[in-house]
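Asker: The structure that follows is given in the form of structure tokens.
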Amino acid sequence: MKFLSKSNQNIQKVTSQQLSYSKVSDRSEIKRLLSDDQKGFCAYSECYITEIHSPHIEHFDGRLKNTDEDNYKNWYLCLAHMNLSKPKKIDPYLPILNPQDPDLKEHVIYDKKAHLYYSNPLIETAINLIKYLGMNKPELVEIRRKHVERIKSIFDVADESLKQYLKNHKQELSYITALEAEFDTDFSELSY
């Protein structure tokens, strides 16, 4: 859940340049700005986006797509799988926690033993966000679990420090929330 916030600088760029999703010619710049804000990671899965991925500009609230209310705060850069497998309609998940809510990290917690996200305390809006974004889909949970286990096994035998290794291999910061929970360390500064 680390890559959902938007920088004021990029919000202002979108506004001043009048970038619009409906203008196909604007989409590459929108993707660049989203990638910048998200440090190159998928907003929903936290998987590092590489050159072979085809990321989508995802509309968090699909009801706003192609309306005057659709704007940068509603757009996220996501792996195609995360976008295409997300429910098309948000209505069954309302009320929902806004991804840019300043209390998001207090309400959506990662359980390193189960490799699942949960709401703490149990609040309907956070539970709905977790379900809507598919953060606990079995295939994503399994990929995340395997990634964390692989990183753990590397450091059981590695001479290099964990932080140095992750700094040198940014793609290994995929599923960063899971890694931080497992190693009880904040890796945020390494994603920049």
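Residues checked against (1) assigned to a loop (DSSP other than H, G, I, E, B); (2) in contact with a helix residue (DSSP H, G or I) (Cβ under 9 Å, 6 or more places away or on another chain):
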{"site": "ILE151", "(1), (2)": "no, yes"}
{"site": "ASP156", "(1), (2)": "no, no"}
{"site": "GLU160", "(1), (2)": "yes, yes"}
{"site": "GLN164", "(1), (2)": "no, no"}
{"site": "LYS167", "(1), (2)": "no, yes"}
{"site": "THR185", "(1), (2)": "yes, yes"}
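Asker: Test ILE96 against the stated conditions and say whether it is in a loop (DSSP other than H, G, I, E, B), of a type in the set (Val, Ile, Thr), over 23 Å from LYS13 (Cα atoms) and touching a residue at least 24 places away in the same chain (Cβ under 8 Å). First the steps, then the outcome.
Answerer: Details: in a loop (DSSP other than H, G, I, E, B): yes; of a type in the set (Val, Ile, Thr): yes; over 23 Å from LYS13 (Cα atoms): yes; touching a residue at least 24 places away in the same chain (Cβ under 8 Å): yes.
Here the answer is yes, as ILE96 does meet what is asked.
Asker: I would also like to ask the following. Name the single residue, out of those in segment 94-119 being touching a helix residue (DSSP H, G or I) at 6+ places or on another chain (Cβ under 7 Å) and among the polar types (S, T, N, Q), that is farthest from HIS59 (Cα to Cα).
Answerer: This residue is SER119.
Asker: A further question on this structure: Which of the residues belonging to segment 36-58 are among the hydroxyl-bearing types (Ser, Thr, Tyr) and in a loop (DSSP other than H, G, I, E, B)? Give the derivation first.
Answerer: Initial filter on segment 36-58 (among the hydroxyl-bearing types (Ser, Thr, Tyr)): 44-45, 48, 50, 54.
Of everything in segment 36-58, those that are among the hydroxyl-bearing types (Ser, Thr, Tyr) and in a loop (DSSP other than H, G, I, E, B) turn out to be TYR44, SER45, THR50, SER54.
Asker: Testing LEU173 on (1) within 15 Å of the chain's Cα centre (by Cα); (2) exposed (fewer than 13 other Cβ atoms within 10 Å of the Cβ), one condition comes back false. Which one is that?
Answerer: All conditions pass for LEU173, except number (2).
Asker: Sticking with this structure for a sec: Does any residue of segment 74-85 turn out to be within 27 Å of LYS31 (Cβ to Cβ), aliphatic (A, V, I, L, M), in a strand (DSSP E or B) and out of contact with any strand residue (DSSP E or B) (no Cβ under 6 Å at 6 or more places or on another chain)? Step through it out loud before you land on a result.
Answerer: First pass over segment 74-85, keeping only residues within 27 Å of LYS31 (Cβ to Cβ): 74-85.
Filter again for aliphatic (A, V, I, L, M), leaving 77, 79-80, 82, 84.
Add one more test, that the residue is in a strand (DSSP E or B), and what stays is 77.
Applying the additional criterion that residues be out of contact with any strand residue (DSSP E or B) (no Cβ under 6 Å at 6 or more places or on another chain) yields 77.
So far as segment 74-85 goes, yes, one or more of its residues are within 27 Å of LYS31 (Cβ to Cβ), aliphatic (A, V, I, L, M), in a strand (DSSP E or B) and out of contact with any strand residue (DSSP E or B) (no Cβ under 6 Å at 6 or more places or on another chain).
Rule-based calculations on the coordinates, nothing more; no lab input. All of these numbers come straight from a predicted model, not from anything done at the bench. Here Cβ is always computed from backbone atoms with ideal geometry, including for glycine, and neighbour counts include all displayed protein chains.
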